Amino acid sequence: MSTRSMPFRGSFTSREQVSVYEFSWLATVLIPLIAIFIQAFLPTKIRWLPIIDLPMMVVIFFAVARRNPISGCVTGAIIGLLQDLLGGPAHPIGMYGITNTIIGYMASSLGVKIDIENPGSRFLIIYGFFVIHQALYYGVGHGMLRQPLEWSWSHVAISALANAVVGVLVFNLLDRFKQR
Amino acid sequence: MDTLLGRYKNLIVLAAILFAQIIALAMQVRRPAAEGETRLIRVWATAAVTPFEEAIVHTQKWAHDKWSGYVYLRHVDQENQQLRAEINRMKLEQARLAEDANMARRVQTLLAFKEQYLESTVAAQVIGTSGSEQSRVLYIDKGSSDGIKLDMAVITPTGIVGKIVQVFPGSSQVLPINDQLSGVGAALKALRLQGILKGAANGTTTLQYIMSDEPVKLGEEVITSGGDRIFPKGLPVGTVASVEPGKDLFLNIRVIPSARLDRLEEVLVVTKIQDKLPDAKDLGPIRASDILSERLPGVPVTQTVDAAGNAAGTASGAGNPTQPNGAPSATAAKPGAATNSGQQNAAGSSGTAKPGAAGSSVPKATATPASKPANGGANSAPKPNLGAGTTPGASAPKPVRKAPATVSPDANPTQPATPPSAQENPPR
C-alpha cells in the first residue's frame, strides 16, 4: 500500500492536492489483457459490443489514476499495440497504438489538474476522450493511410454515450485495484 | 540543457513514442505483408489469445450440449412430431426436385456445362473477433493444421460468410463480406445481372456495378456469381434491402446478408471445390422418352454388316464400341433411316420400337452396300469380333446377341445422308 501526493498546480478542483494511485504489477498486467480479451471475445456473443472500447477505458483509468504523462503514454502505446495485433488486414499495427498513446498522455495531463473521482466528471471525461479517440483514429486511418473510413457524428455521439455509461461502471470496478 | 530536457520530458517521450509508431506504420504501408505471409508478432498475439477463446467456447458448447441433451428436454416429444411431419413433407418435395435435378443434369451433360461442387468442407467454431468496429474480422478455431489455406470460402447453410485472409497453426482469420476490404462476385438471381458485393466501414453490404436502368426489386435474392474464383456459383448471399441511384450510372443496392454475420457460431470452410460435368451414369436407367427428348438432329445413319453378312443399322462411335472398322462397304446411309446411338439402344430396349423394326432380332436384310433398312427403321446388331476382311454375306446369319435397341422410324425422319467417316466421329 503506497500513497503519494503531488502538488496541485491547476485550478479546476478545490482540493489542495490530488492523490496519485499505484497498482500492483498483477493488476497492471492483467487488467489490460483481460480488457483486450473481452473486447475480442465477447462480440461473438453480444452483437453491439464493438462500439464499446474497453481498452481505451483502461488507458484512461490508469492515466488519470497515476497522473503521470510518461506512464500514460507508455500504457496507452502498449495497450493500443496489443489491440492492433488482433486487427485484420485493413488494420496496420500502430493505429490504435498512436491513438491510445495520445489519449493516455492527455488523460494523465488532465488528471493532474482535475479530480475525477465522482461519476459525473468520469462520465464527461470518458465521453470527451471517446470522441477524441475516434477523431484521432479517423485522422490516422483516413489522413495518413488513406483508408476508406467514414465519419458519422451521430454514430460517434451515440457510441460515446454508451462508452461513458459503461465506463463509469468499469471505473467503479477498477477502483478496487487502486492502492492508496 | 538538463533543465530544458527535464521541463519537456513528457512531451519528448510522447513525441518519441509517436514517432516510432508512425515509422512502423509507414513501413507497413510501404512494404505490406506478401500474400499468405503473416507478421510474426500477429502470429504470437493470436497464439496467445486463441487458446483461451477456444477453451471458453468449447466449454460453453459442452455445457450447452449437456444441458440441452440431458437436462432440458421439455417439448422434445412435440418437436419430434413436428420434425417427422416436416420430414414427410420434404420427402415429397425431394422426389419432385430429384426429377427436376436429373433433367437439369442431363441437359447440362448435353451442353457440357461444368458445375462446381463443394467436395469437402471443414466445420469450424467462431472464437473471436478483432474487437474493433473498423475491422470486422473473425477468428475460427481451425488453422493450417486442419488443412485451412488462404482464400478459402467460409459459408453457413444460410449464406456465405467471407474468406480466409490469415492462417495460423491452430486458428484462422476470416474477412467477412461486410468488411470494408471485402469484395465478392455476386449476381441478382432473377435478373441474372452480375456485380460486386462490397462491404463498408459501417458494416453494410452493397451490390455495385448494376446499371441504373435495371428493374431491381426489393427482396430479390442475391447469389454468388462464381466470378471471384473463391465462392462457388449459386450460393445464397442475401436479399436486396434498398435500391438507390448511385454514381456513374450505377445503382447503389444495399443487400442484407443471408448469414447472420453478427451472430455466427459455427461455419463451414470450403476446403475443396471441384469443377466437373454432371455424370449421366449416376442418373439410373434412362427412359425412352428422355432419350427421344434429348435427340439432336444430325445423328448419322450407319448400317453395318455382321460377320454373317447381315445388314444392320448400327450405332457408331461411343455408343457402340464394338463397331468394326473393316466394313466400309456395308455402311449405308439413307434419308429416313434412323440410327442408334448408345442411348438410342437403351431407348429401343425400353420398348418403343415399332413391331417389325429390325434390330430387335436378327436382321433379314442381305448385305448389300446400300441395302434398305427393314421397314425404314434402323437396325442395330452389335457385332463383336468382326474382322476387317470380313466379306459381307459370307456366312450364314448368326446373331451374336440380341440387338438391344431399335428406334421407331419417326424418331428422326429428317436424317440426312451421312458419310461413312461419320461413324468414327459421332456428333454427340
Restricting to the stretch A:43-65, name every residue that is β-branched (V, I, T) and farther than 16 Å from A:A157 by Cα.
A:T44, A:I46, A:V58, A:V59, A:I60, A:V64
All positions within the stretch A:84-105 that are more than 7 Å from chain B (Cβ to nearest Cβ) and touching a Pro at 6+ places or on another chain (Cβ under 9 Å)
A:D84, A:Y96, A:N100, A:G104
For B:I164: the one exception among (1) in contact with an Asp or Glu (Cβ under 8 Å, 6 or more places away or on another chain); (2) closer than 30 Å to A:W153 by Cα:
(2)
Taking the stretch A:57-83 on its own, how many of its residues are under 14 Å from A:S108 (Cβ atoms) and in contact (Cβ under 8 Å) with a residue 60 or more places away in the chain?
6
Considering the stretch B:95-130, residues that are small (G, A, S) and modelled with pLDDT of 80 or more, and then whichever is surrounded by the most Cβ atoms within 10 Å (Cβ to Cβ), we arrive at B:G128
Please go through the stretch A:108-151 and give me each residue that is within 9 Å of chain B (Cβ to nearest Cβ) and among the aliphatic types (A, V, I, L, M), ordered by number.
A:V140, A:M144, A:L145, A:L149
State whether the residues of the stretch B:58-70 include one that is touching a strand residue (DSSP E or B) at 6+ places or on another chain (Cβ under 9 Å) and either closer than 19 Å to A:L33 by Cβ or in a helix (DSSP H, G or I) (or both).
yes
Sort through A:G97, A:G87, A:G104, A:G72 and tell me the only one that's closer than 16 Å to B:A24 by Cα and modelled with pLDDT of 90 or more.
A:G97
Pairs returned, first residue in the stretch A:21-41 that is at the interface with another protein chain (Cβ under 9 Å from one of its Cβ atoms), second residue that is of a type in the set (D, E, K, R), beta-carbon separation under 7 angstrom, 6 or more apart or interchain, are A:F41/B:E53
How many of the residues in the stretch A:126-154 are surrounded by fewer than 16 Cβ atoms within 10 Å (Cβ to Cβ) and not in a helix (DSSP H, G or I)?
5
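The values are calculated or read from the model by the stated rules, or taken from the named source; none is laboratory data. Note that the coordinates shown come from a computational prediction; the quantities given were computed from them, not determined experimentally. Glycine also receives a Cβ, built like all others from the backbone with ideal geometry; neighbour counts cover every protein chain displayed.
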